[in-house]
Amino acid sequence: MNSTTQNTGTHLVEQLAATSDAAPSQRLLHARGTWAQGEFVPSPGAAGISTAPVFAAPRTPVTARFSTTLGGSGGHDGDPGDQGLAIRVGDLDLVTFTLPVFFVRTGADLVAFLRATRSGDPAALPAFLREHPEAETALGFAAKARPVPSFTGVTYHAVHAFGLVDAAGTTRWVRLSLRPLHPLPALEPAEALALPGDYLTRDLADRLPARFELTAHLPGPEDELHDPTRLWAGTGTVPLGTLALTGVQEPSAEPPFDPLRLPPGVLAPRDRLSKDRSAAYAAARARRHA
């Protein structure tokens, strides 16, 4: 990481920390979570779509972390918000969320968004949306979201477009998602809040093993490829493999998840947000372990 990128990440994390009451040793946005282990098995045709080693190997070990993104360390798993799933499979890191699009296009806009939502001023969010109408799509999904019964029963989305490069050098830009093979219906808010505050973490061991399909979503001809706030109209999908999480297990060393840690055969997203997230993840790790 060059000094400019490092400074950008440090500045973003300092600003994010100012919107949060998290201690320096705590995560700023994914404080509550739990680890799992498993493996990834590629689909028969995946190696023909991308030359990434993970699609050629018969199976690859996986380290995963489920998380609840809002509410801080003292929040409740039934509170409004979305869930996250970060996985490390070979040379590929995927950092995914239950929302199919993101709120903003840059790290700076994310800081402004969090300031608006956490300010306590009822006029702050409408003022932000007047300047950033692109946030309304993700907010609409968030407003309709209901508490989940388990980390294992919902779909997770990587909101950026990744380029899958085949042996001939052809690139297909896709969005990736992890779809549960056994989806679960949502809970009513009162039902979820009556459960223990950490119910998603507490019952994960009993929910495993669980399997997800890694799916590549193809854009339509008019879709904006590199805007993470925009939904794609394209409905075509390609299965890339199966993620099987077999047990709860904390790794001996926490993997430094990075949205831009990608193998040959997978091109990095071209949007600004992916670069800002990568820099901020590195700076946030340094802050936690200082």
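The values are calculated or read from the model by the stated rules, or taken from the named source; none is laboratory data. Please read all numbers here as calculations on a predicted model, not as lab measurements. Quick reminder, even Gly has a Cβ in these numbers, built from the backbone with ideal geometry, and neighbours come from all protein chains shown.
Hey, any hits in the stretch 140-153 for a residue that's within 18 Å of Pro259 (Cβ to Cβ) and under 18 Å from the mean Cα position of the chain (by Cα)?
No - not one qualifying residue is present in the stretch 140-153.
Consider His132 against the criteria (1) closer than 21 Å to Asp276 by Cβ; (2) touching a Ser or Thr at 6+ places or on another chain (Cβ under 7 Å): it satisfies all of them except one. Which criterion is unmet?
The one condition His132 does not meet is (2).
Scan Ala286, Ala290 and give me the residue that is aliphatic (A, V, I, L, M), out of contact with any His (no Cβ under 9 Å at 6 or more places or on another chain) and either assigned to a helix (DSSP H, G or I) or at positive phi (or both).
After applying the criteria, what remains is Ala286.
Give me the residue from the stretch 245-275 that is at pLDDT below 95 and of a type in the set (Gly, Ala, Ser) and, out of that set, farthest from the chain's Cα centre (by Cα).
Ser252
Please return the ranges of strands (runs of 3 or more DSSP E) entirely within the stretch 131-240 where 3 or more residues are buried (at least 18 other Cβ atoms within 10 Å of the Cβ), in contact (Cβ under 8 Å) with a residue 24 or more places away in the chain and β-branched (Val, Ile, Thr).
Once the strands (runs of 3 or more DSSP E) in the stretch 131-240 are filtered for at least 3 residues that are buried (at least 18 other Cβ atoms within 10 Å of the Cβ), in contact (Cβ under 8 Å) with a residue 24 or more places away in the chain and β-branched (Val, Ile, Thr), nothing remains.
So which of Ala112, Ala116, Ala123 ends up being surrounded by fewer than 17 Cβ atoms within 10 Å (Cβ to Cβ) and among the hydrophobic types (A, V, I, L, M, F, W, C)?
Only one candidate qualifies: Ala123.
Quick one: is Ala112 out of contact with any strand residue (DSSP E or B) (no Cβ under 7 Å at 6 or more places or on another chain) and either within 26 Å of Thr171 (Cα to Cα) or assigned to a helix (DSSP H, G or I) (or both)?
So Ala112 passes the test.
Can you tell me which residue in the stretch 155-207 is nearest to Thr68 (Cα to Cα), limited to those that are in contact with a Pro (Cβ under 6 Å, 6 or more places away or on another chain) and of a type in the set (Gly, Ala, Ser)?
For the stretch 155-207, the residue satisfying everything is Ala192.
Got at least one residue in the stretch 161-176 being more than 28 Å from Gly45 (Cα to Cα), at pLDDT 95 or above and within 21 Å of the chain's Cα centre (by Cα)?
no
One residue is enough: does the stretch 1-10 have a residue meeting the conditions in contact with a Leu (Cβ under 7 Å, 6 or more places away or on another chain), crowded, with 18+ Cβ neighbours inside 10 Å and at pLDDT 70 or above?
no
Mind counting the residues in the stretch 74-109 that are outside any strand (DSSP E or B) and either surrounded by fewer than 19 Cβ atoms within 10 Å (Cβ to Cβ) or not hydrophobic (A, V, I, L, M, F, W, C) (or both)?
The total comes to 18.
Restricting to the stretch 18-34, and then to whatever is surrounded by 17 or more Cβ atoms within 10 Å (Cβ to Cβ) and outside any loop (DSSP other than H, G, I, E, B), can you tell me which residue is modelled with the lowest pLDDT?
My answer is Arg32.
For the stretch 250-274, which positions are touching a Gly at 6+ places or on another chain (Cβ under 9 Å), surrounded by fewer than 20 Cβ atoms within 10 Å (Cβ to Cβ), outside any strand (DSSP E or B) and not small (Gly, Ala, Ser)?
The answer is Pro263, Arg270, Arg272.
Scan the stretch 116-128 and tell me whether some residue there is touching a Leu at 6+ places or on another chain (Cβ under 6 Å) and either among the aliphatic types (A, V, I, L, M) or in a loop (DSSP other than H, G, I, E, B) (or both).
Checked against the condition, which is being touching a Leu at 6+ places or on another chain (Cβ under 6 Å) and either among the aliphatic types (A, V, I, L, M) or in a loop (DSSP other than H, G, I, E, B) (or both), the stretch 116-128 yields at least one hit.
Taking the stretch 52-73 as the search range and keeping residues that are among the β-branched types (Val, Ile, Thr) and modelled with pLDDT of 90 or more, which one is surrounded by the most Cβ atoms within 10 Å (Cβ to Cβ)?
Val54
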